[in-house]
Amino acid sequence: MTEKTTPQTPFPAASILGYPRIGRRRELKKAVESYWAGTIDAAALDAAAKEIQLGTAKRLQGLGLTEAAAVPGTFSYYDQVLDAAAHLGAVPARFGNLLDAGGELDIDGYFTLARGTKDQQPLEMTKWFDTNYHYLVPEIGPETSFALTSSRIVEEFAYALANGVETRPYIVGPVTFLLLSKASDDAPAGFNPLSRLEDVLPVYTALLGKLAAAGAAWVQLDEPALVVDQDTSAGEIQAAVARSYEVLSAAPARPQLFVSTPYGALDGQLGTLAATGIDALHLDVFKGGVPSAAALAALGTKTLVAGVVDGHNIWRNDLQASADKIAELKKSVATLAISTSTSTQHVPHDVEEETQLSEQLRSWLAFADQKAVEVVALAGLLTDAGTAAVQPAIDEATRIIASRATADGVRRAGVRERTAALTTSDFSRSEFGVREAAQDKALHLPPLPTTTIGSFPQTSEIRTARARANRGDLSTDQYEQLMKDEIKRVVELQEELGFDVLVHGEPERNDMVQYFAENLEGFDVTVHGWVQSYGSRCTRPSILWGDVTRSAPITVAWAEYAQSLTAKPMKGMLTGPVTILAWSFVRDDQPLGETANQVALALRDEIADLEAAGIKVIQVDEPALRELLPLRKADQPAYLDWSVNSFRLATAGADDATQVHTHLCYSEFGAIIDAIDGLDADVTSIEAARSKMEVVHDLEHHGFGRGVGPGVYDIHSPRVPGSDEVTELLSTAVKHVPSRQLWVNPDCGLKTRGYAETEESLRNLVAATRTVRAEL
Ligand code: GLN
Ligand code: ZN
């Protein structure tokens with residue numbers, strides 16, 4: 001028997017897995033960035049953080065999460081995986097000693113890992129499961145010395161408790177922590193961070209002891225990595241899960257253990273966790289469905305925390321569907337509690353803030369606050385007395401969701417007829433050889449043509465002009481004139497630098513997705529709907545709620561103007577259907593593939609109009625193609641099928657002589673290279689500079705037969721690559737990719753760069769191209 005220092009508090013009937021931490025008005029972003037800029041001190045940052053934490057706790061209590069441990073302690077200054085690393089002592093040796101005299105990683109050390117130093121790159125950043133949130137990747141090696149190097153979550157718990165809210169501390173669990181880590185620079189080849197499990201568990205045990213001493217009744221250990229197919233074998237993971245929770249449940253003093261498994265079905269690991277000494281287990285039954293009665297029976301007396309309310313998207317919960325799932329779970333589960341499927345960190349705070357949206361649209365939505373209320377309502381179903389009281393809320397949800405189906409703009413006959421009439425020929429162009437010949441004739445490009453990815457630096461003048469136009473301080477004409485002036489400058493610069501295929505620079509776009517959302521029917525945009533993307537960075541996804549159509553050309557006038565300034569080909573620039581979906585909140589009432597095809601048809605019309613306006617090269621960006629890739633391998637082929645097809649539908653109407661480009665923002669695409677090939681773009685630009693052209697091996701091996709531009713200039717840093725360096729990268733590339741296929745371009749768009757470094761880098765890029773061309 002384990003002895004516990006806290007009395008047995010039941011798991012709260014209603015809770016959420018996590019809550020946005022950036023602040024309703026992005027207060028955390030402002031505080032953290034001011035601290036980095038040196039305009040506020042650590043005490044002021046701490047005060048701002050406490051205000052957000054307590055504000056969140058009180059608000060959630062007010063929304064009905066009143067039981068002990070119902071409010072999750074999911075605040076973070078930057079990232080939850082970094083928080084775990086900071087608590088466990090996982091500070092890479094390359095940073096030197098970042099711990100203070102007391103052996104703790106203070107806030108400056110913490111931010112050093114997130115942001116790097118003059119000599120040290122920050123921890124790498126990568127996507128958190130199938131969301132648009134990015135976490136920092138811990139670096140673990142045989143040399144990592146694990147120790148409890150922070151007690152921030154303990155202090156945060158104590159602070160909330162002292163102010164009247166008994167929260168539930170949160171930390172990424174040991175198996176997920178190690179599975180998300182990568183081997184450190186010092187680790188031998190083939191080192192697997194999971195091999196350090198035995199060394200990390202004592203630190204968790206120590207942390208549990210401190211949390212228990214502070215009075216925490218429950219702790220949430222987040223294990224989303226268990227819902228994903230990993231490189232590490234399922235058997236090894238199973239052993240790690242069993243061992244971890246055997247050790248942690250035997251801790252001499254600990255809160256009750258609650259393991260959460262958001263982002264999909266837990267499948268095989270359910271039985272493993274059920275067999276351990278944990279006290280409550282969360283399942284994502286929204287996305288993952290209700291497991292079989294036999295699988296659930298294994299839980300015995302453990303509380304099952306049913307994630308029935310979607311934490312990842314913004315639609316009002318279908319309370320009847322949730323009630324049905326709850327009824328089914330009740331049949332096989334002894335103790336049930338209600339929660340969200342994932343943390344609500346992926347959605348904005350509060351629909352009620354969006355007063356500019358129609359009342360109808362608002363009634364269809366649930367942001368984080370509304371989701372808390374939905375969870376509280378559904379928890380009523382856990383008791384006989386509560387059940388009757390919930391019925392009106394269920395009926396209202398059913399009525400509103402039904403009204404969505406028939407509301408104006410949700411289904412447009414014209415759009416439906418067009419998608420219903422699609423045939424396979426709408427998804428295909430001529431053979432590449434035919435297109436290539438027609439494009440050669442139309443474009444007369446030199447070998448190794450040079451181009452850029454689209455955007456040029458978004459200067460403060462451009463942003464100020466846009467802000468003034470939005471406020472009404474500039475007329476539309478004045479704003480457009482300023483943008484045209486900017487386009488002219490950008491075109492002249494590219495002419496002077498000697499580029500072969502030019503771009504207009506995208507000054508008129510606030511964001512590559514929102515710009516299209518604002519100009520297509522079927523979307524709305526929010527004012528306060530910020531969600532954290534990483535660290536202090538937030539995005540404001542658009543809401544795709546209805547059938548998508550294009551009521552007028554979007555980019556054509558800008559492209560036409562830009563083309564009028566030069567005899568060189570001007571690239572038309574569009575965002576692809578998959579990326580538009582990935583970076584928006586998308587309707588949940590039809591398959592994504594259907595929505596993607598609607599967006600594709602709108603883009604197809606735009607491409608036809610660009611062609612009619614004399615644009616001969618058109619780029620359709622798909623940087624998010626890999627982002628939506630399902631977590632389970634079995635689900636991937638269906639995804640790749642609809643996503644690739646939507647791109648083909650968007651582009652297949654183009655003439656043979658129109659050169660279609662696409663751009664993807666990452667280099668590790670080995671796993672989806674078939675899909676990228678399947679896009680059938682004439683030219684594909686990809687990231688490659690940081691990985692020193694490693695991608696060309698994948699391309700060679702695959703026999704990639706069309707144009708390809710592996711980036712030769714890493715635009716993610718202000719560093720200027722020398723022309724020798726670019727020459728070397730290009731010389732590597734021509735050894736593996738036939739020179740007639742090879743393009744020369746930066747890794748990505750230049751919008752986040754300044755002009756000084758951009759000009760110099762691009763000048764070196766052209767010089768290097770001339771050197772390598774001369775040697776062909
Ligand atoms: N055309 C876009 C740009 O240059 C592409 C950006 C991206 O891939 N994320 O900014
Ligand atoms: Zn990119």
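Find the strands (runs of 3 or more DSSP E) located wholly in the stretch 640-747 whose residues include 3 or more that are out of contact with any Phe, Trp or Tyr (no Cβ under 7 Å at 6 or more places or on another chain) and in contact (Cβ under 8 Å) with a residue 12 or more places away in the chain, and list them.
Numbers: elements: 659-663, 683-686, 707-710.
Once the strands (runs of 3 or more DSSP E) in the stretch 640-747 are filtered for at least 3 residues that are out of contact with any Phe, Trp or Tyr (no Cβ under 7 Å at 6 or more places or on another chain) and in contact (Cβ under 8 Å) with a residue 12 or more places away in the chain, what remains is 659-663.
Quick one: residue 483 ticks every box in (1) over 30 Å from residue 367 (Cα atoms); (2) touching a Phe, Trp or Tyr at 6+ places or on another chain (Cβ under 7 Å); (3) in a helix (DSSP H, G or I) except a single one, so which number is it?
Condition not satisfied by residue 483: (2).
Confirm whether residue 574 is away from ligand 2 (no atom under 16 Å from the Cβ) and among the hydrophobic types (A, V, I, L, M, F, W, C).
Numbers: away from ligand 2 (no atom under 16 Å from the Cβ): no; among the hydrophobic types (A, V, I, L, M, F, W, C): yes.
Here the answer is no, as residue 574 does not meet what is asked.
Working only within the stretch 294-318, note down all residues that are touching a residue at least 60 places away in the same chain (Cβ under 8 Å), β-branched (Val, Ile, Thr) and within 21 Å of residue 257 (Cβ to Cβ).
303, 305
When the stretch 14-45 is examined, which residues are found to be assigned to a helix (DSSP H, G or I), surrounded by fewer than 22 Cβ atoms within 10 Å (Cβ to Cβ), touching a residue at least 24 places away in the same chain (Cβ under 8 Å) and not aromatic (Phe, Trp, Tyr)?
Across the stretch 14-45, the qualifying residues are 27, 29, 33, 42, 45.
Among (1) touching a residue at least 12 places away in the same chain (Cβ under 8 Å); (2) over 29 Å from residue 313 (Cα atoms), there is one condition residue 468 misses while meeting the rest; what is its number?
(1)
Quick one: how many residues across the stretch 401-435 are assigned to a helix (DSSP H, G or I) and of a type in the set (A, V, I, L, M, F, W, C)?
We begin by selecting, within the stretch 401-435, every residue assigned to a helix (DSSP H, G or I); these are 401-406, 413-420, 424-427, 432-435.
The next check asks that each one be of a type in the set (A, V, I, L, M, F, W, C); those that pass are 401-402, 405, 413, 415, 420, 427, 432, 434.
Residues that pass the stated criteria total 9.
Going through the stretch 265-321 one residue at a time, which ones are closer than 23 Å to residue 218 by Cα, touching a Pro at 6+ places or on another chain (Cβ under 8 Å) and assigned to a loop (DSSP other than H, G, I, E, B)?
266, 284, 311
Kindly list, by first and then second residue, each pair from a residue in the stretch 500-520 that is under 16 Å from residue 582 (Cα atoms) and in a loop (DSSP other than H, G, I, E, B) to a residue that is within 16 Å of ligand 2 (Cβ to nearest atom) and charged (D, E, K, R), limited to pairs with Cβ atoms under 7 Å and residues at least 6 apart or on different chains.
512/621
Can we say residue 445 is surrounded by 13 or more Cβ atoms within 10 Å (Cβ to Cβ), in contact (Cβ under 8 Å) with a residue 24 or more places away in the chain, in contact with a helix residue (DSSP H, G or I) (Cβ under 9 Å, 6 or more places away or on another chain) and not in a helix (DSSP H, G or I)? Before the answer, list the steps.
Details: surrounded by 13 or more Cβ atoms within 10 Å (Cβ to Cβ): yes; in contact (Cβ under 8 Å) with a residue 24 or more places away in the chain: yes; in contact with a helix residue (DSSP H, G or I) (Cβ under 9 Å, 6 or more places away or on another chain): yes; not in a helix (DSSP H, G or I): yes.
Criteria met by residue 445.
Look through the stretch 189-206, keep the residues that are of a type in the set (A, V, I, L, M) and out of contact with any helix residue (DSSP H, G or I) (no Cβ under 6 Å at 6 or more places or on another chain), and return whichever of them is surrounded by the fewest Cβ atoms within 10 Å (Cβ to Cβ).
If we filter the stretch 189-206 for residues that are of a type in the set (A, V, I, L, M), which is where we start, we get 189, 194, 197, 200-201, 203, 206.
After this cut, where a residue has to be out of contact with any helix residue (DSSP H, G or I) (no Cβ under 6 Å at 6 or more places or on another chain) as well, the list is 189, 206.
Details: 189: 5, 206: 17.
Filtering the stretch 189-206 for residues that are of a type in the set (A, V, I, L, M) and out of contact with any helix residue (DSSP H, G or I) (no Cβ under 6 Å at 6 or more places or on another chain), the one surrounded by the fewest Cβ atoms within 10 Å (Cβ to Cβ) comes out as 189.
Consider the stretch 61-98. How many of its residues are over 25 Å from the mean Cα position of the chain (by Cα), closer than 25 Å to residue 11 by Cβ and in a helix (DSSP H, G or I)?
2
I'm checking my understanding of the structure. Among residues of the stretch 734-756 that are within 27 Å of residue 457 (Cα to Cα) and away from ligand 1 (no atom under 16 Å from the Cβ), which one is surrounded by the most Cβ atoms within 10 Å (Cβ to Cβ)? Outline the logic, then answer.
Narrowing the stretch 734-756 to residues within 27 Å of residue 457 (Cα to Cα): 742-756.
Imposing the further condition that a residue be away from ligand 1 (no atom under 16 Å from the Cβ) reduces the set to 742, 756.
Working: 742: 24, 756: 11.
Once the filter is applied, the top-ranked residue is 742.
For residue 464, state whether it is among the polar types (S, T, N, Q) and either more than 16 Å from ligand 1 (Cβ to nearest atom) or part of a helix (DSSP H, G or I) (or both). Show your work before the answer.
Values: among the polar types (S, T, N, Q): yes; either more than 16 Å from ligand 1 (Cβ to nearest atom) or part of a helix (DSSP H, G or I) (or both): yes.
Taking the combined requirement at face value, the residue satisfies it.
Out of 177, 191, report the one residue that is under 24 Å from residue 135 (Cα atoms), in a loop (DSSP other than H, G, I, E, B) and modelled with pLDDT of 95 or more.
On the way: 177 fails: in a loop (DSSP other than H, G, I, E, B).
Just one listed residue meets the conditions, 191.
So, in the stretch 467-520, exactly how many residues are within 14 Å of ligand 1 (Cβ to nearest atom) and among the polar types (S, T, N, Q)?
Within the stretch 467-520, residues that are within 14 Å of ligand 1 (Cβ to nearest atom) and among the polar types (S, T, N, Q) number 3.
Can you spot a residue in the stretch 717-731 that is in contact with a Ser or Thr (Cβ under 7 Å, 6 or more places away or on another chain) and within 16 Å of ligand 2 (Cβ to nearest atom)?
No, the stretch 717-731 has no match at all.
Take residue 417 and tell me if it is free of Cβ contacts under 8 Å to residues at least 24 places away in the same chain, away from ligand 1 (no atom under 16 Å from the Cβ), over 30 Å from residue 483 (Cα atoms) and out of contact with any helix residue (DSSP H, G or I) (no Cβ under 6 Å at 6 or more places or on another chain).
Judged against the criteria, residue 417 is a match.
For the stretch 354-386: of the residues being surrounded by fewer than 14 Cβ atoms within 10 Å (Cβ to Cβ) and among the polar types (S, T, N, Q), which is nearest to residue 337 (Cα to Cα)?
Kept after step one, since they are surrounded by fewer than 14 Cβ atoms within 10 Å (Cβ to Cβ), are these residues of the stretch 354-386: 355-356, 358-359, 383-385.
This time we only want the ones that are among the polar types (S, T, N, Q), so: 355-356, 358, 383.
Numbers: 355: 33, 356: 36, 358: 34, 383: 11 Å.
This residue is 383.
Is it true that residue 759 is away from ligand 2 (no atom under 16 Å from the Cβ), over 16 Å from residue 448 (Cβ atoms) and modelled with pLDDT of 95 or more? Spell out the reasoning first.
Values: away from ligand 2 (no atom under 16 Å from the Cβ): yes; over 16 Å from residue 448 (Cβ atoms): yes; modelled with pLDDT of 95 or more: yes.
Considered against the rule, which asks whether it is away from ligand 2 (no atom under 16 Å from the Cβ), over 16 Å from residue 448 (Cβ atoms) and modelled with pLDDT of 95 or more, residue 759 comes out as yes.
Of the numbered conditions (1) within 16 Å of ligand 2 (Cβ to nearest atom); (2) within 20 Å of residue 628 (Cα to Cα); (3) surrounded by fewer than 22 Cβ atoms within 10 Å (Cβ to Cβ); (4) not aliphatic (A, V, I, L, M), residue 589 satisfies every one except a single condition; which is it?
The number of the failed condition is (1).
Name the residues in the stretch 101-149 that are modelled with pLDDT of 95 or more and among the acidic types (Asp, Glu), would you?
Listed by number, the residues that qualify are 104, 106, 108, 139, 143.
So in the stretch 607-624, with the set limited to residues that are crowded, with 24+ Cβ neighbours inside 10 Å and among the charged types (D, E, K, R), which one is farthest from ligand 1 (Cβ to nearest atom)?
Here the answer is 622.
The values are calculated or read from the model by the stated rules, or taken from the named source; none is laboratory data. It should be emphasised that the depicted structure is a prediction, and the values quoted were computed from it without experimental measurement. Heads up, the Cβs are rebuilt from the backbone with ideal geometry, glycines too, and the neighbour counts pull from every protein chain shown.
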